[in-house]
Amino acid sequence: MLPKYKRILLKLSGESLMGEGNYGIDHRVITQYAYDIKAVTDLGVQVAVVIGGGNIYRGMNEVETGIERAQGDYMGMLATVINGMAMQSGLEKVGLYTRLQSAIKMEQIAEPYIRRRAIRHLEKGRVVIFGAGTGNPYFTTDTAASLRAIEIQADVILKGTRVDGIYTADPEKDPTATRFETITFSEVYQKSLNVMDMTAFTLCQENKLPIIVFDMNRSGNLLQVIMGKNVGTLVKG
């Protein structure tokens, strides 16, 4: 069977990199993700990655910390670059070629984000990691993922989480919650379901970019999604 998607944007949360810990990066999680990504690149799938920074720094209440929102957001962007570097290291250990591009200039460790260069890297089979969000405060890494996916003309955004899709309620709190196999953008709005922040979600809807929410922590799930198997929840239409 051939992969269903040729070019994907994989969105990972920073919290997922903590594994069983409360902070930082668990190398076992990085290794699992690296092997899962390698499994799909071996099929010729082009992979770009955006990672959040919540395992290192999450925007905090300005009143409590004294750090203004814009400053805190820039701190969060730097955390995403650290995670990107860790993911880059893990991917290269399993034999993949990578490029880390940053929306904030830091030439010693990352290329500046250049859309055409990113696409060329993907065409050459390199995994491209986009760091530092959009480079602007007040935007989340979900929005960065949606924006980059549209810019590189990805076929789909794959949002790797710790739950296996979108549910009628939080499955960790409500045992009666049921999973959607497919759902439309309009239905997500109507049901007030939490998939992405509204800016990111609207970007995907306006550009007809489908989203698949799935459990990235189960090894092999990424490959199943790429092959079009019924894993996670597909948002489209």
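The values are calculated or read from the model by the stated rules, or taken from the named source; none is laboratory data. Every value quoted in this text rests on a predicted model; they were computed, and no experiment measured them. Because the Cβ atoms are built from the backbone with ideal geometry, glycine has one as well, and the counts that use them run over all protein chains shown. Side chains are part of the model used for accessible areas, which takes the heavy atoms of the whole protein and leaves out ligands, DNA and RNA. Shrake-Rupley method; radii C 1.70, N 1.55, O 1.52, S 1.80 Å.
Looking at residue 165, is it open to solvent by less than 40 Å² (accessible area, probe 1.4 Å), closer than 29 Å to residue 30 by Cβ, part of a strand (DSSP E or B) and touching a Ser or Thr at 6+ places or on another chain (Cβ under 8 Å)? Step through it out loud before you land on a result.
On the way: open to solvent by less than 40 Å² (accessible area, probe 1.4 Å): yes; closer than 29 Å to residue 30 by Cβ: yes; part of a strand (DSSP E or B): no; touching a Ser or Thr at 6+ places or on another chain (Cβ under 8 Å): yes.
No.
How many residues are under 21 Å from residue 107 (Cα atoms), among the aliphatic types (A, V, I, L, M) and without any contact (Cβ under 8 Å) to a residue 60 or more places away in the chain if we restrict to region 126-148?
Residues meeting the conditions: 1.
Being farther than 18 Å from residue 122 by Cα and in contact with a strand residue (DSSP E or B) (Cβ under 9 Å, 6 or more places away or on another chain) is the filter here; which residues of region 86-99 pass it?
86
So the check is Cβ under 9 Å with 6+ separation or different chains; which pairs have a first residue in region 64-83 that's more than 15 Å from residue 132 (Cβ to Cβ) and a second one that's part of a loop (DSSP other than H, G, I, E, B) and of a type in the set (A, V, I, L, M, F, W, C)?
Short answer, once both residue conditions are applied: 67/60.
Mind checking whether some residue in region 3-21 is open to solvent by less than 40 Å² (accessible area, probe 1.4 Å), part of a helix (DSSP H, G or I) and in contact with a helix residue (DSSP H, G or I) (Cβ under 7 Å, 6 or more places away or on another chain)?
Checked region 3-21: at least one residue is open to solvent by less than 40 Å² (accessible area, probe 1.4 Å), part of a helix (DSSP H, G or I) and in contact with a helix residue (DSSP H, G or I) (Cβ under 7 Å, 6 or more places away or on another chain).
From the set of residues in region 195-207 that are farther than 20 Å from residue 167 by Cα and touching a residue at least 12 places away in the same chain (Cβ under 8 Å), which is surrounded by the fewest Cβ atoms within 10 Å (Cβ to Cβ)?
207
Every residue in region 117-162 that is open to solvent by 10 Å² or more (accessible area, probe 1.4 Å) and of a type in the set (A, V, I, L, M), please.
Hits for region 117-162 are 119, 147, 150, 154.
Wholly within region 27-110, which helices (runs of 4 or more DSSP H) include no fewer than the required count, namely at least 3 residues that are within 20 Å of residue 154 (Cβ to Cβ) and more than 15 Å from the chain's Cα centre (by Cα)? Spell out the reasoning first.
Numbers: elements: 27-41, 62-65, 69-93.
The qualifying helices (runs of 4 or more DSSP H) are 27-41.
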